[in-house]
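Colleague: This is the structure I have questions about; it appears just below.
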Amino acid sequence: MEFRAEAKFIRVSPQKVRLVLDLIKGQRVEDALNTLAFTKKGIAPTVHKLVRSAVQNASHVSDEKGMDVDVDALYVKNAISNEGPRMKRIRPAPMGRAFRYQRRMTHISVVLAERNADKKEALATTVGEEPKAGKATKGKTAGKPAKKKSVAKK
């Protein structure tokens, strides 16, 4: 089950938001909220509020619709920042001219999902595994170190 929250028309460029969203992708919700609380970017409090809103959406579904949702097992499945409309502005320039510039806006979307216990175990075993010594990889045995080549003397 996925739970989402969106914030639209935020007055910051999408590039700046992506710097913060990349920090929390794939993290547990608790870890993501701690990361956002101590991030020194101006958009971090807005993203923190958005993640809390997604958690509240999950708990609302859990309470109202009678679904069994473990809020502690949620993780940030996807967090994206899309470009919104741009506001065109004019800045006065020397000699009566005018320079145009654009104020960018962004739409932020955060998707939370529940990580199951069996997926946790599978993830832990694949991440923590080392290549086994019994298997040969690309013609070499994994247990033996590579031999150094001797240099031919003239």
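Colleague: Examine the range 51-65 for a residue that is in a loop (DSSP other than H, G, I, E, B) and at pLDDT below 95, and state whether such a residue exists.
Modeller: Yes, the range 51-65 has at least one match.
Colleague: Okay, next question. Search the range 57-70 for residues being touching a residue at least 12 places away in the same chain (Cβ under 8 Å) and surrounded by 12 or more Cβ atoms within 10 Å (Cβ to Cβ), and hand back the single one that is nearest to Ala7 (Cα to Cα).
Modeller: Among residues in the range 57-70 that are touching a residue at least 12 places away in the same chain (Cβ under 8 Å) and surrounded by 12 or more Cβ atoms within 10 Å (Cβ to Cβ), the one nearest to Ala7 (Cα to Cα) is Asn57.
Colleague: With the structure loaded, tell me whether Val17 is touching a Ser or Thr at 6+ places or on another chain (Cβ under 6 Å) and modelled with pLDDT of 95 or more or whether it fails that test.
Modeller: Yes: the conditions hold for Val17.
Colleague: Which of the numbered conditions does Glu64 fail, given that it passes all the others? Conditions: (1) out of contact with any helix residue (DSSP H, G or I) (no Cβ under 8 Å at 6 or more places or on another chain); (2) within 13 Å of Ser109 (Cα to Cα).
Modeller: (2)
Colleague: If you don't mind, there's one more thing I want to ask. Only residues that are over 18 Å from His107 (Cα atoms) and surrounded by 13 or more Cβ atoms within 10 Å (Cβ to Cβ): list them for the range 37-49, please.
Modeller: Thr39
Colleague: Scan (1) loosely packed, with under 13 Cβ neighbours inside 10 Å; (2) of a type in the set (A, V, I, L, M); (3) farther than 12 Å from Val111 by Cβ for the single condition Met1 breaks and write down its number.
Modeller: Met1 satisfies every listed condition except (3).
The values are calculated or read from the model by the stated rules, or taken from the named source; none is laboratory data. Because the structure is a prediction, the values reported are computed rather than measured. Neighbour counts run over all protein chains shown; Cβ positions are idealised from the backbone, glycine included.
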